[in-house]
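Here's the structure, in structure tokens; my notes come after.
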Amino acid sequence: MSERLIQVCSFRNRIFQLIFSLYHFMSFTVKFPVRSTIMDRPTIADLAEAAGVSVSTVNRILSGKGAVKATTVQRVQGAAEEIGFHGLGAIEDRMRKKVPHYRLGFLLQQSSRDLYQLFGRKVVAACRDRREEVIEPLVDFVDLLTPENIASRLTALGKECDAVAIIAADHPVVGQAIRELSEQGKPVVTYITDQSAPERAAFVGTDNWKLGRTAAFLIAGMTQGPGRVAVFNGNHRYQCQDISDAAFRSYMRENAPELAIEDSRPTNEDAARAHEMVCELLERTDDLSGILILGGGISGVLRALRKAPAEARHRIRVVCRDIGPETRKGLTEGLITAALCHPLDGTSEVLVRTMVEVLSNRSPAAPVMRIMPFEIITPENV
């Protein structure tokens, strides 16, 4: 073999060795992590140890065969989520089959108002967050606020659901619908504002007496000298508003007698009506010091104030119960002194939990009362 041929063969061998080494290196670096990931997956034994149950219990849950308590399935499900067990889907499916299923109805008001749309989203989220039950939420909005229409919609919703929550003015017609649903085994829970019907199953809302006195404390404390305060409610039949109104006047009589409190006037939950009322007040008086808005219409009030002279805007203290987008805008502009409102996440969670508890305990008893602390939102913490 010639020297030239020997050099070519030697070079070719070195090339083959280099290619083989590169292939071996790539195989090692690419395949090793995959094999490691598979090996590192939590096993059934790992899940059993994390949940504090036996391996056979985990196997029964995964196979869907054999009786396992719902609380045990729930504990295993939580452990599977925590350790990243690959069979979580099978456990969740077993959980859905094991736990109670409910359809809950929520009758809210005025689909055009951001506040009620927000209420609707929050209660749906609270239903989805439940782990002990599978809950199907059904949210309905009432735009025509006559007692007859509300009662009709409540009855219709009750036919489709296991329990219903309602926000509505207190009226005998609505009370009769609550009574009829109660007789059919369909509990009704009042939300935000209560009803006088003794057949209601529960109430979830805030302490309206404290809310009214807090509103008075804020307006009186930030007002200099004598003046006039207007009180707007949505409807004289809303219990939450009527109680807050009485508490507001109670505080003012006791602590701020120099402020004249006008008779309460309903906005009928209408922004245009509230706008007209504020414009009329500004034309008729020159000593308006405060406005308490217990019902809907805050966007109309703000629209009127934005058109008012700067001196009047700075003098008038506004307190409301709404915490929708328009209220937040008014707070940032300094037009609203404070919003006293329900903590939406917490109230929604308590509402759903209360409805489930009422369904679980069918024995007749006095209505359950769940009082939530209200939030005080100002331009400084909005």
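Calculated on C-alpha atoms, the gyration radius of the stretch 216-305 divided by its Kirkwood radius gives an Rg/Rh of 0.95. Between residue 296 and 234, 269, the built amide H atoms are under 5 Å apart, and every one of these is 5 or more places off in sequence or on another chain. Based on protein heavy atoms only, the stretch 264-344 ends up with 38 Å² per residue of surface accessible to a 1.4 Å probe. Over all distinct alpha-carbon pairs, what is the Kirkwood Rh of the stretch 102-190 in angstrom? Hydrodynamic radius (Kirkwood, Cα pairs) of the stretch 102-190 is 13.2 Å.
The Cα-based radius of gyration and maximum Cα-Cα distance (Dmax) for the chain are 31.9, 122 Å.
Considered as an equivalent ellipsoid built on the Cα gyration tensor, the stretch 207-356 has semi-axes of 25, 18, 14 Å, the largest given first.
Farthest towards the positive end of the charge dipole of the chain, among the residues 290, 222, 135, is the Cα of 135, using unit charges on the Cβ of Lys, Arg, Asp and Glu.
Within the assembled protein chains, the solvent-accessible surface assigned to residue 179 is about 70 Å², based on a 1.4 Å probe. Note that the stretch 47-171 presents 47 Å² accessible area per residue, ligands and nucleic acids not counted, probe 1.4 Å.
The heavy atoms of residue 249 present about 50 square angstrom of accessible area, all protein chains included, probe 1.4 Å. To the nearest 10, the accessible area of residue 329 is 100 Å² with a 1.4 Å probe.
Solvent exposure of the stretch 208-247, expressed per residue, is 41 Å² of accessible area, with all protein chains present and a 1.4 angstrom probe.
Placing +1 on the Cβ of every Lys and Arg and -1 on the Cβ of every Asp and Glu, with nothing else charged, gives the chain a dipole about its Cα centre of roughly 1760 debye. For the chain, give the share of DSSP beta bridges that are antiparallel, in percent and rounded to the nearest 5; count only bridges with both residues there. In the chain, DSSP labels about 5 percent of beta bridges as antiparallel. With all protein chains in place and a 1.4 Å probe, the accessible surface of the chain carries 54 percent carbon and sulfur.
Multiplying each eigenvalue of the alpha-carbon gyration tensor of the stretch 287-335 by 5 and taking the square root yields semi-axes of 17, 12, 9 Å, largest first, rounded to whole angstroms. A convex hull fitted to the Cα coordinates of the stretch 316-382 yields 91 cubic angstrom per residue. Each distinct pair of alpha carbons in the stretch 146-254 adds a 1/r term; the inverse of their mean, the Kirkwood radius, is 15.3 Å. Taking the DSSP beta bridges with both ends in the stretch 268-382, the antiparallel portion is around 35 percent.
The values are calculated or read from the model by the stated rules, or taken from the named source; none is laboratory data. Just so we're clear, the structure is a prediction, and the values are computed from it rather than from any experiment. Positions of Cβ are backbone-derived with ideal geometry, glycine not excepted, and every protein chain shown enters the neighbour counts. Accessible surface areas use protein heavy atoms only, side chains included; no ligands, DNA or RNA. Shrake-Rupley method; radii C 1.70, N 1.55, O 1.52, S 1.80 Å.
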